[in-house]
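A short reminder: the numbers here are calculations on the coordinates, not readings from a lab. Remember, predicted model here, so these are calculated numbers, not experimental data. Cβ: placed from backbone, ideal geometry, glycine included. Neighbour counts: every protein chain shown.
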Amino acid sequence: MLLMSADNALPSASDVARDLAAALEARGQEYALGGAIALAFWGEPRGTLDVDVTLFLAPDKPSECLWLLQDVECELTFSESLASLREHGFCRVKYHGLRLDVFLPIVDFYTAAQARRRRVQLAGQPAMIWDAESLIVFKLMFFRRKDVADVEGIRRIQRGRLDLDWVRHQLVELYGARDPRVSQWEELVAECEADR
C-alpha cells in the first residue's frame, strides 16, 4: 500500500509499478511492464510520470480489461476507456494518482514478446517486464525522438548481449523491409559495429 508524503506528493512511478505488479500477480493476471520502468533494467534510466503495462487479455473483450482495472482500484471513466480500447487497443487510467497507460495485445508481435518477458525484482516485488529486444521493438513502433534515444541507450549498455537479428526480423514482419524503423535500426547496429 502506497503512502503519500506529508505534502501529498504523488508516489514515484517505480512505487506505482511495484504495487501494480503485486496486484496483478495476486490475481494471476499475465502482464508486462514496459516504458521507463523496463528501460531502467536494460538502458539508461530516465524519469517518468506514468507507467506502461500490457495486459494479456482478449482485445475483442475490452470490458474484461476494464473490470480488472476497476478491481485493482484504477480510476477510469468506463465509457471513454471502453471506446479507446475498442478503437486503439489502449487506454489511459489513473492508479494511485499516477497515469497508467494500458495496452492490449492487438498485433501478433505480442505473442513473441510475451514469451521473452523477464521476471525482475522491483523494489522487492517480483514483476514481469519486457526483455531488452522486445522493448526495442516497442519503442521503434512508437518511433518518437525520445524512443530512438532510449533504443540507442539500450544498444550501448547491452552491447554484445542483444539479438540484433531478432529485432530486425520483428520490425520487418511488422512494417516491411523498406520502413524507416528498419533503416533506423540498421543504422544503430552499424554504429555499434563501428564502436568496437
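For this structure, a couple of remarks:
- Compactness index (Cα Rg / 2.2 N^0.38 Å), segment 93-181: 1.18
- The C-alpha atoms of the chain define a longest principal axis, and helix 62-71 lies at about 60 degrees to it.
- Here the relative contact order of the chain, from alpha carbon pairs under 8 Å that lie six or more residues apart, stands at 21 percent.
- An ellipsoid equivalent to the chain, defined through the eigenvalues of its Cα gyration tensor, has semi-axes of 29, 20, 14 Å when rounded to whole angstrom and sorted largest first.
- Our helix-only sum for the chain, with -39,500 (n - 2.57) per DSSP H run of n ≥ 4 divided by its residues, gives a mean residue ellipticity at 222 nm of -16000 deg cm²/dmol.
- Size descriptor, Kirkwood hydrodynamic radius, that averages inverse alpha-carbon separations across segment 132-196, Å: 11.6
- Charging the Cβ of each Asp and Glu at -1 and of each Lys and Arg at +1, and nothing else, the dipole of segment 1-130 about its Cα centre rounds to 360 debye.
- Taking the three principal axes of the alpha carbon atoms in segment 33-148, the coordinate ranges are 37, 30, 27 Å, sorted in descending order.
- Using all pairs of distinct alpha-carbon atoms, the Kirkwood hydrodynamic radius of segment 12-83 works out to 13.2 angstrom.
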